[in-house]
Amino acid sequence: MTDYNSESSDPSKGVKRTNMGEDGTKDSKRIKTANGDEQYNPYLAHTYEDSSSQQNGFKSPLDQLERHNTTALQMTKAEDGERNPWTGEPHSQQYFKILQSRRDLPVHKQRQEFLDTYHSTQILVFVGETGSGKTTQIPQYVLFDELPFQTGKLIACTQPRRVAAMSVAQRVANELDVKLGEEVGYSIRFENKTGPKTMLKYMTDGQLLREAMHDHDMTRYSCIILDEAHERTLATDILMALLKQIAARRKDLKIIVMSATLDAQKFQSYFYNAPLLAVPGRTHPVEIFYTPEPERDYVEASVRTVLQIHATEPEGDILLFLTGEEEIEDACRRISLEVDDMIRESDAGPMRVYPLYGTLPPAQQQRIFDKAPEPLRKGGRPGRKCIVSTNIAETSLTIDGIVYVVDPGFSKQKIYNPRSRVESLLVSPISKASAQQRAGRAGRTRPGKCFRLYTEKAFKKELIEQTYPEILRSNLANTVLELKKLGVEDLVHFDLMDPPAPETMMRALEELNYLACLDDDGELTKLGSLASEFPLDPAVAVMLISSPEFYCSNEMLSITSLLSVPSIWIRPNNARKRADEMKAQFAHPDGDHLTLLNAYHAFKGAEQQGTDMKQWCHEHFLSFRHLSSADNVRAQLKRIMETHDIELISTPFQDKNYYINIRRALLAGFFMQVAMRESSNSKVYKTVKDDQLVMIHPSTVVTSPYDWVVYNEFVLTTKQYVRTVTNIRPEWLLEIAPVYYDVDTFEKGEIKSALSRVTEKVRRRQAIKGSGR
Amino acid sequence: MDTPAGSQVDVDVNVDVDADDDYDEVPLQHKRPFGSGLHRKTVAFVPASDGDGCLNSTDQVTAPKTQQVDVADLYLSMVLPKDNKTTKNAVNVGEPGAVICEVCRLPLESEPASAGSSDVDNTTTATSKTDGKKVHEKSFAHQVCLPHSYPPSALDRSRMGLSYLSQYGWDPDARKGLGAAEQGITFPIKATPKYSNLGVGVHVPKNLPPPKEKKERLLDAGKVRKQARKDKHKAEIIRQQLFGNQDLEKYLGQGAVR
């Protein structure tokens, strides 16, 4: 492919660009003079265009096609051609190899059927189990039918996860034999890899929602594909409701909703009984086993089950579902130890155990695709691998070779309680649909087995049918702000598939009202409109926007970026003490936010001196990956701030108010996340207005017991913790958020009396000042 | 009746009857606050000549009910509009022609109370009919058939979020959710934190006695000494196993290395 890049490609690319951008008239004039063509027909502009590209000796088969009237045969012909129909370049060798495997996918057999249905309807529901190839193939089928160069409109395909959007875009770029970021691109939060030639765009569902805020009718797109709709993420749910509205306004917009599970009837009836097309996946039967009695300890039982499988079942890899990082690491350790014993005692085969969870570094995540180990000696028992995973292996990640699935029946789920305003991750029983999905993972390569660590009766009676969609389990402040910006005023009758509880909606409105993003009548304010421009939580966005008032917008920008990436601190189990010592170097006595800032400044300082940053981070127990992504986020946010003329200023470091300003600026956004100490010599804090009893998370650097702290997040584990805290003064609360801290609105209690004492103090001090003058 | 002697008794009886009536008939909002009449002079009563005191007193109570001048009445009529309607309907049905109650679809005639009252006098059939209706309305079968009315929602009415939602037609007391057909969930999803490793389907009975704490055994001096000797011996064996030199022992004989 590299051979052709130099000369032949450039002119043809140029042609395509003009073709996409303009509406043909100008081009056709040029062509007219060039070819002396007398019968000019604007509707055939693209064929004229084609004649000009003949200069390269290439005539794209696509130019003959009629939009929305293509057949599978025409397309396979176009794909089989010597040259790439999109770029005009000759195909690479690899292309045909991939093409062959693409033709083997189950989806390919139904290509004509898909096209027929697609032509006949505006909205289409497509059901294909994992492994059917829908995510990579359907958008390409649409691409060959929409012929974007004729309309200048794009095709969007949404994914719930960033990683999926990136990797699928890469894969499809390879399949189409184009460069990622040109014809095929992706767009995720804080990263956009698309160009002027992009025709097919993979993106996160949240990203498409953000785009819709500026383009209410999504006029850039001719077809929108919502993939993995069965996961029912918050953004997908909103998009579905929105697209339902837009589809009524824009009859030329096509919508495909793709789901991997068989509850697609719900989607169908939601979209006015849209036609449904189902493609069978490539799955094998899975035998399901239950325990006769409920298990007392599911972790213990799952470890034993894995060992049992290893000892008694034939070759095949094991997938065990557990709930969280700690539990997974613990189970991995226990399994490896036991397997070592088994090898010594009973000549068992080797087994490699891999953990898998979201916060694992990508290099380690990649290890799950390693081959199972070889037998210890020739003719010995076969080796296998065991993957212990959170529910990311349930739908999003597909690991081939899994034959045995162990399902204890739990997962961590986010739940939001609008009364206490606490969003927590709780271990809860999974749903029946989820259990079936897990079992299905065993049948990817050959017939498999699924061991459920609960009784059949429990499966039938205790598990709910479907997992609650995210919209019912989330804080909606951000969503409501986006909806307001999208022009949705009637939040009551907004046609969501599963509308949230009224209380949750009310809470979101009130939160935005306190943040001054909405006025008392619920109208979007200027601040709210500005805040919605930031891909951040409203509170954080407001904090960032108001930071120039506190003369520290540069610093707040850094802190915001650091808070929007996973924790930068590394604390390996075998070097906890060293890690803590290193963290203490950056510690600021007043709080964790400032400590984060110190670490970032040290990082940037070392970078400027030309230090090897990976090494430096390793030495200081900091995550290079997360620090660099924070750096990237910072650059993105900075650009947004600059486009909206938000000043970037700093207090001089020598100024004694340097840190005070930052602490005050934190309150401009986080004034609703403040806790007061219960009593002196107590470690327990009480959150303001929500009255939750919390402790400061042990990861803090704060050592002195401050009376008032602002916190970044509420963590509910065995205890209730607040994480990332910074000391503040109550006077600031009254000054910065007078509406929220109106003493009269508080319920009787310690916090109220403390606040009224502070009010009194402030009043007296002002009186003294006044009399002194 | 003997007035001078029995006056005291009379008053007592009347108070009793009144109290009973209050309990049965007077709605809460019409009740006088307790003790409001204590300082006034008590009014003496005599039982009605009809012999049916109950009827009169209920009529007196129902008279102001129809006027609805009280704020509480107004409120109740707003909160429980259906209830009022059903009683009105029932009164309409109570005309001589209709004999079937509209609410519970049961005949009104076969009430034992109405039969009893008709025994007293033939001329008071109209009053006895309304009375029968009342008894019927009190009957269990009728009560069960009444549409259930819910208390108003506990949401704080001054909340900004509520006013926004009600601006778009959401009624907090209607027990409806959001959505195109107001089909959404009405209450947020609850979850209980799980602190144990108990598997799915394991239910620990709530009133389980707390696990018994193991009592620490106290050791006397002899036991301590015995334990120390044991430990020392164990350590010696381990030491010998780890660091002992067999050749040296052979040469020097057992015990010499120690």
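The values are calculated or read from the model by the stated rules, or taken from the named source; none is laboratory data. Just so it is clear, the structure is predicted and the values come from calculations on it, not from any experiment. Please note: Cβ atoms are built from the backbone with ideal geometry, for glycine as well, and neighbour counts cover all protein chains shown.
Restricting attention to segment A:662-696, which residues are more than 20 Å from A:Asp742 (Cα to Cα) and touching a Cys at 6+ places or on another chain (Cβ under 6 Å)?
If the condition is that a residue be more than 20 Å from A:Asp742 (Cα to Cα) and touching a Cys at 6+ places or on another chain (Cβ under 6 Å), then A:Ile662 is the only one that fits.
Considering A:Tyr118, A:Tyr141, A:Tyr186, which residue is within 19 Å of A:Ile224 (Cα to Cα) and within 23 Å of the chain's Cα centre (by Cα)?
A:Tyr186
What number of residues in segment A:260-285 are farther than 18 Å from A:Ser431 by Cβ and in contact (Cβ under 8 Å) with a residue 60 or more places away in the chain?
16
Could you list, in sequence order, all residues of segment A:330-356 that are surrounded by 16 or more Cβ atoms within 10 Å (Cβ to Cβ), closer than 24 Å to A:Pro408 by Cα and touching a strand residue (DSSP E or B) at 6+ places or on another chain (Cβ under 7 Å)?
Passing the criteria: A:Ala331, A:Cys332, A:Ile335, A:Val339, A:Met351, A:Arg352, A:Val353, A:Tyr354, A:Pro355, A:Leu356.
When residues of segment A:310-343 are filtered for being of a type in the set (Gly, Ala, Ser) and closer than 18 Å to A:Pro382 by Cα, how many remain?
Residues flagged as of a type in the set (Gly, Ala, Ser) and closer than 18 Å to A:Pro382 by Cα within segment A:310-343 amount to 3.
May I ask you to list pairs of residues, at least six apart or on different chains, whose Cβ atoms are under 9 Å apart, with the first in segment A:451-463 being more than 14 Å from A:Val299 (Cα to Cα) and within 7 Å of chain B (Cβ to nearest Cβ) and the second being of a type in the set (A, V, I, L, M, F, W, C) and not in a helix (DSSP H, G or I)?
Final answer for the pair search is A:Thr455/B:Val200; A:Ala458/B:Val200; A:Ala458/B:Val202; A:Glu462/B:Val200.
Tell me, please, whether a residue that is closer than 25 Å to A:Gln93 by Cβ and assigned to a strand (DSSP E or B) can be found in segment A:163-178.
Scanning segment A:163-178 turns up no residue that is closer than 25 Å to A:Gln93 by Cβ and assigned to a strand (DSSP E or B).
Restricting to segment B:159-207, give me the number of residues that are among the hydroxyl-bearing types (Ser, Thr, Tyr), at the interface with chain A (Cβ under 7 Å from one of its Cβ atoms) and not in a loop (DSSP other than H, G, I, E, B).
Residues that pass the stated criteria total 1.
Test each condition in (1) among the polar types (S, T, N, Q); (2) farther than 30 Å from B:Gly179 by Cα; (3) at pLDDT 90 or above for A:Ser346 and report the one that comes out false.
(3)
With the structure loaded, tell me whether A:Gln413 is within 14 Å of chain B (Cβ to nearest Cβ) and either out of contact with any helix residue (DSSP H, G or I) (no Cβ under 7 Å at 6 or more places or on another chain) or under 29 Å from A:Pro294 (Cα atoms) (or both) or whether it fails that test.
yes
Would you confirm, using the coordinates I've provided, whether A:Ser302 is buried (at least 21 other Cβ atoms within 10 Å of the Cβ), touching a residue at least 12 places away in the same chain (Cβ under 8 Å), more than 26 Å from B:Leu198 (Cβ to Cβ) and not basic (Lys, Arg)?
Criteria not met by A:Ser302.
Looking at segment A:357-375, which of the residues that are surrounded by 14 or more Cβ atoms within 10 Å (Cβ to Cβ) and among the aliphatic types (A, V, I, L, M) is nearest to the chain's Cα centre (by Cα)?
Per the stated criteria, the residue is A:Leu360.
A:Ala433 fails exactly one of the following numbered conditions: (1) exposed (fewer than 15 other Cβ atoms within 10 Å of the Cβ); (2) touching a residue at least 24 places away in the same chain (Cβ under 8 Å); (3) away from every other protein chain (no Cβ under 14 Å). What is the number of that condition?
With (1) exposed (fewer than 15 other Cβ atoms within 10 Å of the Cβ); (2) touching a residue at least 24 places away in the same chain (Cβ under 8 Å); (3) away from every other protein chain (no Cβ under 14 Å) applied to A:Ala433, the lone miss is (1).
Is at least one residue of segment A:389-399 acidic (Asp, Glu), within 22 Å of the chain's Cα centre (by Cα), surrounded by fewer than 19 Cβ atoms within 10 Å (Cβ to Cβ) and modelled with pLDDT under 90?
Within segment A:389-399 (the criterion being acidic (Asp, Glu), within 22 Å of the chain's Cα centre (by Cα), surrounded by fewer than 19 Cβ atoms within 10 Å (Cβ to Cβ) and modelled with pLDDT under 90), the answer is no, since none of the residues qualifies.
A:Ile402 - would you say it is touching a Lys or Arg at 6+ places or on another chain (Cβ under 9 Å) and aliphatic (A, V, I, L, M)?
yes
Give just the number: which of (1) of a type in the set (Ser, Thr, Tyr); (2) modelled with pLDDT of 90 or more; (3) not in a strand (DSSP E or B) does A:Tyr202 not satisfy?
(3)
Looking only at segment A:471-484, count how many residues are out of contact with any Asp or Glu (no Cβ under 7 Å at 6 or more places or on another chain), more than 10 Å from every other protein chain (Cβ to nearest Cβ) and assigned to a helix (DSSP H, G or I).
Total meeting the criteria: 5.
Can you go through B:Leu218, B:Leu242, B:Leu248 and tell me which one is more than 30 Å from A:Thr467 (Cα to Cα), surrounded by 10 or more Cβ atoms within 10 Å (Cβ to Cβ) and either acidic (Asp, Glu) or more than 14 Å from chain A (Cβ to nearest Cβ) (or both)?
B:Leu248
List the helices (runs of 4 or more DSSP H) inside segment A:559-626, counting only whole elements, that have at least 3 residues being touching a residue at least 12 places away in the same chain (Cβ under 8 Å) and under 19 Å from A:Arg723 (Cα atoms).
Filter on segment A:559-626 gives A:576-586, A:592-608.
Of all residues in segment A:103-122, which are basic (Lys, Arg) and either farther than 19 Å from A:Gln74 by Cβ or buried (at least 17 other Cβ atoms within 10 Å of the Cβ) (or both)?
A:Arg111 - this is the single residue of segment A:103-122 that is basic (Lys, Arg) and either farther than 19 Å from A:Gln74 by Cβ or buried (at least 17 other Cβ atoms within 10 Å of the Cβ) (or both).
Would it be correct to say that A:Pro408 is closer than 20 Å to A:Ile392 by Cβ, buried (at least 21 other Cβ atoms within 10 Å of the Cβ) and facing chain B (nearest Cβ under 10 Å)?
yes
Please find, within segment A:496-511, the residue that is nearest to B:Arg157 (Cα to Cα) out of those that are in contact with a Phe, Trp or Tyr (Cβ under 7 Å, 6 or more places away or on another chain) and part of a loop (DSSP other than H, G, I, E, B).
Top of the filtered list is A:Ala501.
Could you check, for segment A:512-527, whether at least one of its residues is within 12 Å of chain B (Cβ to nearest Cβ), more than 24 Å from the chain's Cα centre (by Cα), assigned to a helix (DSSP H, G or I) and touching a residue at least 12 places away in the same chain (Cβ under 8 Å)?
Scanning segment A:512-527, I find at least one residue that is within 12 Å of chain B (Cβ to nearest Cβ), more than 24 Å from the chain's Cα centre (by Cα), assigned to a helix (DSSP H, G or I) and touching a residue at least 12 places away in the same chain (Cβ under 8 Å), so the answer is yes.
Yes/no matrix, rows are residues, columns are (1) modelled with pLDDT of 90 or more; (2) closer than 21 Å to A:Asn174 by Cα:
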residue: A:Ser51; (1), (2): no, no
residue: A:Asn56; (1), (2): no, no
residue: A:His68; (1), (2): no, no
residue: A:Met75; (1), (2): no, yes
residue: A:Asp80; (1), (2): no, yes
residue: A:Thr87; (1), (2): no, yes
residue: A:Tyr118; (1), (2): yes, no
residue: A:Gln122; (1), (2): yes, no
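Looking for something over 22 Å from A:Phe586 (Cβ atoms) and free of Cβ contacts under 8 Å to residues at least 40 places away in the same chain - is there at least one such residue anywhere in segment A:671-678?
yes
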